[in-house]
Amino acid sequence: MNHHAPTPPPPAPVRRRLRSLRGSLRGLGTPFGVLILCQSATLLLVLPVVRSLFTGALEAAGMANLTDRNYGHLLDCPLAVVLLACAGAVALVALCLQYAVVIAAVSRQRAAPVRQASAPRNRAGGWAVVAQLPLLAAYLFLVLPLSGLGALSPLTRDIGVPPFVTAEYLKKPLSLAIYVSAIGAVVYLNFRLVATLPLLVVRRMTPLRAMLASWDATRTRHLRLPLIACAPVAAVVLAYGLPERLLAWCSTLPGALLGTDSRFVAALAQDAIRAVAFIVLALAAVAVTDLLLGRLEAREPAAISSDPESQPAADHPPVRPPRLALRVGAGAGVVVIAVAGSPAMAAGSPTTADPLVIAHRGHVWGGVENTIGALEAAATQHPDIVEVDVQQTKDGHFIASHDTNLLLLSGRNVNTYDLTLAEAEQVTVSARGFSDTVPSMVDYVRRAQELGVKLLIEPKVHHHETADYLDRFISELESVGPLDANIYHSLDAGLVESLKARRPDVQVGYTIAMTLGGIPEVDCDFLVVEQSSYSREFLRQARAAGKPVYVWTVNRPERIRGYLYDGVDGVVTDHPDQARRIRSETAAAPHASVPLRDAMRLLGTYVPAPVWSGSAPAAAAPAA
């Protein structure tokens, strides 16, 4: 009699799914290692080449740096344009290769590679690909990074919306809604184009055809509406940096467990978080690629082409790199990626004895920016200096105002240069629950003198100024006191140099919104740089030139503390009381005491930071 072993019952659905998930994750090991090796190669090899070509372009054009104000001069030099194009081409090729290698590795890991019977018809012609490279570059260097999806490559991780732009849209509910809608649209666009790169690699389509095919592949009725609904939510999460704040809180756990606030422990915690964040993002990218290939395979069943080269030979299995070598290389890559830019490698004590705290446009959480109310509110916060923007009116006088068009703050679609002084003073502005009137520059400066507040005055150029603009500016200020009682800065290099040439005794700074390269060659006493353009190398060069550096507009505690530890000469902030407290803490313990959550300021290297860096109310920031 035959005795048969009882047939084991089929695994429960939950266990079956867990086994399937474990098998899928195990299969992602090789693509993950390939991704990390590509990342390391980009960091160590490609970036230096791109930087060298960019530096050569600046030298060819006789420029020290590239800003939003002088790019036209660079484009006037043919050699500089060629070198800049070469830098862009190298970056584009490297980025395409990085994504292509990872997608190909994922495709090889699948049991049935996604190929189409009509593959020869889909193969892109060389000229078609070349002609559509600008479209592909726009997708890789603009669309992906703006939604935070470019963080996996050193070539795109720093591309995004500058914090000062985000801050401008956070003034009023209407502008915030417009901003969130725009970011939501970008998020939704990325969802619809998510299959572009896999289609480029696997189906060998042109960029345009791949985008159209991706748009068609994601046209799922039950998925489209949820994506449209979730896009604004995702935009809000990104705009206020909630993931970064969560990770910052997680970084406090080592210090809490060890009962220490050591800066060394904080730096190590940051390195660990950076490595974990990158690994999670890399695994997510590989997993999403695998799911996309599976989705494409399900929509259009795979069929092996009649081309013999496309047939997998049974006696010649795909060549895969040795697992041990891949693991060792991937581990070394994680170390390189985590340590690059590490605060543990660059930790130091503040080099500035008494950095300045500068209140941005007064105290915007105590009044409407650039109004007497905001100035009086700032005085109660005891900053070292209060910054104010001024513009010339139609009749040649000056008012305190940042926006040339007053629609955002007043609801009136009118420009400052179309109003007389008397008309401008009748305009009511409001923001964050406060209301006030637009003050004249003379009244603002006079009130600052009464409060004992020193000003950093920024004359803004709207290109409708009178011919004797500078004479009128100096005359009005001297009517209420000595010109050198305050200091000045401007985004306009010509105005900075003219004011400095006219009055060498006055402290005049040059303000930089966006810059690449070295420090600008402008005759000025100090530099005011926007935080997204700040770097330690910029600070080092400014130090060598003997120019103090102020960073604007810094509102997050961890960023304020980080800049003070770097040794900047001042921070421009919307929260002067918070900045003063952090300055006192860093001065009291310059070597060892820094909250672990503040060690997260460089986490944006690998966590999407483009739209996270916008300023948020103090209540939304983590407590220091």
### Summary
Note: among Leu470, Leu456, just one is touching a Leu at 6+ places or on another chain (Cβ under 7 Å) and over 28 Å from Leu174 (Cα atoms), namely Leu470
### Summary
Those residues of region 378-419 which are touching a residue at least 24 places away in the same chain (Cβ under 8 Å), in a loop (DSSP other than H, G, I, E, B), open to solvent by less than 40 Å² (accessible area, probe 1.4 Å) and of a type in the set (Val, Ile, Thr) amount to Thr393
### Message
Looking only at region 31-57, count every residue that is surrounded by 16 or more Cβ atoms within 10 Å (Cβ to Cβ) and at pLDDT 90 or above and tell me the total.
### Response
5
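Examine region 151-169 for a residue that is assigned to a helix (DSSP H, G or I), of a type in the set (Gly, Ala, Ser) and over 15 Å from Val93 (Cβ atoms), and state whether such a residue exists.
The answer is yes; a qualifying residue exists.
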### Query
Only one of (1) open to solvent by 20 Å² or more (accessible area, probe 1.4 Å); (2) in contact (Cβ under 8 Å) with a residue 12 or more places away in the chain is not met by Tyr179, so which one is it?
(1)
### Query
Is one or more of the residues making up region 492-510 of a type in the set (S, T, N, Q) and under 30 Å from Glu59 (Cβ atoms)?
yes
#### Entry: Residue list for region 543-560, filter: hydroxyl-bearing (Ser, Thr, Tyr) and under 17 Å from Glu168 (Cβ atoms)
Thr553
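The values are calculated or read from the model by the stated rules, or taken from the named source; none is laboratory data. Since this is a predicted model, take the numbers as computed values, not measurements. Please note: Cβ atoms are built from the backbone with ideal geometry, for glycine as well, and neighbour counts cover all protein chains shown. Surface areas here come from the heavy atoms of the whole protein model, side chains and all, with no ligands, DNA or RNA. Shrake-Rupley method; radii C 1.70, N 1.55, O 1.52, S 1.80 Å.
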